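Structure first, commentary second.
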Amino acid sequence: MLPDSMTEAAAPLAALALATAWAGLLRWRRRPLTAGLGLALATLLGVVLLLGLTLASPRQLAERLPVLALAAATLALPLAWGRRGWLAFLLGLLAAGFTGWWMAGGPLTEADLLRAAPAGLALMLLVPLVQLEAAPPWRGVLAAVALLAGLLASGIPGPWVMLGLILLSASFGQQLAGGGAMPDSARLPFAMLLAALLAGPLLARGAAADWAAALAPLAPLLLGPRLTGRLKGWRASLLIILLAVLPVAAAWGLARLG
């Protein structure tokens, strides 16, 4: 559920403040790539404030997020200083591989690897897709809004809604202060964290409402640009909003039926 006190609101508020201040300062200094790093740092701050930072074996799904956020910030560092080419490609592969492996439970044995393969491979494919499609201005924020709405509608227990709010706060602050397209240094951690927050409820509960909620950010993010190619103005905006609202409504209905 959403925070109902200032204590519970501290994590998303801190993420919003750090992302906005970081992006605004670096944009003022004309360093847009470094400004993008604020999203990763702000999300890491919010997640650690909410859950703490434990480096133990990731048996509890939500407890995998702090280490994932730390890995996302680490992988974004070279991109924040303009590293491109083969290094950027390698960092993207590492981001996708680590997200899939870590959120699948960090399997090490052959039996565990085989059992975790479907979820891990799906996440490995999802991360680069999100990273590619989240570039245009405000598209990542829209996906984060849809993710949060889907999590709320599904009624998933645990800290997932708060984690979604933290990601939304960080991405909104970065976009608001940074402006323009989301830079590589922000898109890589955003893709890792969005994919993880999609997968968490599916792996934890896997109810029909969770599957519907997972479509809420993916539909406008992946389908929106392709379905609105010939539309302009309010028609394109309306279609993208519908692509997000329909899965959210389905998740709400399925949660009530379940």
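Counting only residues that are among the hydrophobic types (A, V, I, L, M, F, W, C), give me the helices (runs of 4 or more DSSP H) lying completely in segment 179-248 with at least 3 of them.
184-204, 208-218
Output the number of residues of segment 127-164 satisfying the condition of being within 24 Å of L94 (Cβ to Cβ) and in contact with a Ser or Thr (Cβ under 8 Å, 6 or more places away or on another chain).
Counting residues in segment 127-164 that are within 24 Å of L94 (Cβ to Cβ) and in contact with a Ser or Thr (Cβ under 8 Å, 6 or more places away or on another chain) gives 3.
So which of T34, T74, T43 is hydroxyl-bearing (S, T, Y), open to solvent by less than 50 Å² (accessible area, probe 1.4 Å) and modelled with pLDDT of 90 or more?
After applying the criteria, what remains is T43.
Tell me which residues, restricted to segment 87-108, are part of a loop (DSSP other than H, G, I, E, B) and either more than 16 Å from G200 (Cβ to Cβ) or open to solvent by 70 Å² or more (accessible area, probe 1.4 Å) (or both).
Of everything in segment 87-108, those that are part of a loop (DSSP other than H, G, I, E, B) and either more than 16 Å from G200 (Cβ to Cβ) or open to solvent by 70 Å² or more (accessible area, probe 1.4 Å) (or both) turn out to be P107, L108.
Give segment 144-155 a look and list any residue that's in contact (Cβ under 8 Å) with a residue 40 or more places away in the chain and surrounded by 24 or more Cβ atoms within 10 Å (Cβ to Cβ), or say none.
A144, A146, L147, G150, L151, S154
Taking the stated definitions as given, is A111 in contact (Cβ under 8 Å) with a residue 24 or more places away in the chain, over 18 Å from the mean Cα position of the chain (by Cα) and in a helix (DSSP H, G or I)?
No.
Cβ contacts < 7 Å: first residue under 28 Å from A116 (Cβ atoms), restricted to segment 76-99; second residue among the β-branched types (V, I, T), any location; separation 6+ or different chain. Result?
Correct list of pairs: A95/V127; A96/V127; T99/V127.
Identify the single condition in (1) closer than 20 Å to A104 by Cα; (2) more than 12 Å from the chain's Cα centre (by Cα); (3) part of a helix (DSSP H, G or I) that I156 does not satisfy, given that it satisfies every other one.
Tallying (1) closer than 20 Å to A104 by Cα; (2) more than 12 Å from the chain's Cα centre (by Cα); (3) part of a helix (DSSP H, G or I), I156 fails exactly one: (3).
What is the number of the single condition among (1) part of a helix (DSSP H, G or I); (2) over 23 Å from G178 (Cα atoms); (3) not acidic (D, E) that A143 does not meet?
Result: A143 fails condition (2) only.
Inspect segment 124-135 for any residue being outside any helix (DSSP H, G or I), on the phi > 0 side of the Ramachandran plot and either touching a Gly at 6+ places or on another chain (Cβ under 9 Å) or open to solvent by 20 Å² or more (accessible area, probe 1.4 Å) (or both) and give the result as yes or no.
no
Given the criteria farther than 14 Å from A191 by Cα and modelled with pLDDT of 90 or more, does A149 qualify?
Taking the combined requirement at face value, the residue satisfies it.
The values are calculated or read from the model by the stated rules, or taken from the named source; none is laboratory data. Bear in mind the structure is a predicted one, so any value in this text is a computation, not a measurement. Positions of Cβ are generated from backbone atoms using ideal geometry, with glycine treated the same way; all protein chains shown enter the neighbour counts. Surface areas here come from the heavy atoms of the whole protein model, side chains and all, with no ligands, DNA or RNA. Shrake-Rupley method; radii C 1.70, N 1.55, O 1.52, S 1.80 Å.
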